[in-house]
Amino acid sequence: GDGSAAARRASAVTAAQAKGARLQVWRHDGAHSAGAPFAFESLDQAGPGPGSLHAFVSACRGEEYEVGAGPVEGLKAVAAIDALYRSIRSGKPESVAGCEGFSESRVAA
């Protein structure tokens, strides 16, 4: 078969789609990695739609819903973005700080 990077990428994406939606990371050096299938979001066109939308609608109706990401995950995301901006300004790698000692907070509402 075609051994080009594009052909390998297309093959990997097709295989990943067959196993469920997942995060694909393609680096400029040719390295590739794929995360685990998304557990919360259903991206299948014939499926019921994204879990986040169903959780939002349930929350608006006052019904029980799954919290896909809680406050600790939000804090970690903001800390990572802060480190990114500091790195851009300094031109050096910056540490992600402010989340030490926190554990995951994914809980059912």
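Just so you know, all these numbers are worked out from the coordinates, no wet-lab data involved. Treat the numbers as computed from the prediction; the structure is a model and nothing was measured.
For this structure, a couple of remarks:
- Entry for segment 45-96 at q = 0.12, 0.17, 0.18, 0.19 Å⁻¹: log10 I(q)/I(0) = -0.49, -0.67, -0.69, -0.72, Debye formula applied to identical alpha-carbon scatterers, no solvent contribution.
- Database remark: amide H of Arg22 closer than 5 angstrom to the amide H of Phe38 (H placed geometrically; neighbours at sequence offset of 5 or more, or on other chains; Pro and chain starts carry no H).
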